[in-house]
1. Any residue at all in the range 9-21 that is of a type in the set (Lys, Arg), modelled with pLDDT under 95 and not assigned by TED's automatic domain parsing to the domain that holds Asp101?
2. Does Ser96 count as closer than 15 Å to Met1 by Cα and outside the structural domain of Glu2 (by TED's automatic domain parsing)?
3. Find the residue count for the range 62-101, including only residues that are of a type in the set (Ser, Thr, Tyr) and free of Cβ contacts under 8 Å to residues at least 24 places away in the same chain.
Amino acid sequence: MEITVVVCEECGHQAIPPKYGCPKCSSDHLVETEHTGTGIIYSYTTIRVAAGKYESQLPYIVALVELDGGLRVTARLEGEQASIGQRVKLNRVEESIYWFD
């Protein structure tokens, strides 16, 4: 599955939409591109206490995924194990949450 990324035509900065201006150089010349949705786990934590609708999903892993190319996104990780540097791929997007496995 691919992930939509916006790239600034002026400075090359990448970001996750929606963005209406480049957070780095303030240019409004942004172009949407598709990314392969693959990367590595840069950091992660296991959530053991949650409220509301997430309580039934405990425990679960929230990861900072560094996509190939350097852009980082916060995501949920399928499964019960994670390690720094582990290769992951985007599985789905649900309610604006990126799910990797």
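1. So the first thing to find is which residues in the range 9-21 are of a type in the set (Lys, Arg), and the list is 19.
Applying the additional criterion that residues be modelled with pLDDT under 95 yields 19.
The next check asks that each one be not assigned by TED's automatic domain parsing to the domain that holds Asp101; those that pass are 19.
Within the range 9-21, one or more residues are of a type in the set (Lys, Arg), modelled with pLDDT under 95 and not assigned by TED's automatic domain parsing to the domain that holds Asp101.
2. Taking the combined requirement at face value, the residue satisfies it.
3. Matching residues across the range 62-101 total 1.
The values are calculated or read from the model by the stated rules, or taken from the named source; none is laboratory data. Since the model is a prediction, treat every value here as computed from it, not as a measurement. For neighbour counting, all protein chains shown are included, and Cβ atoms are generated from backbone atoms with ideal geometry for every residue, glycine included.
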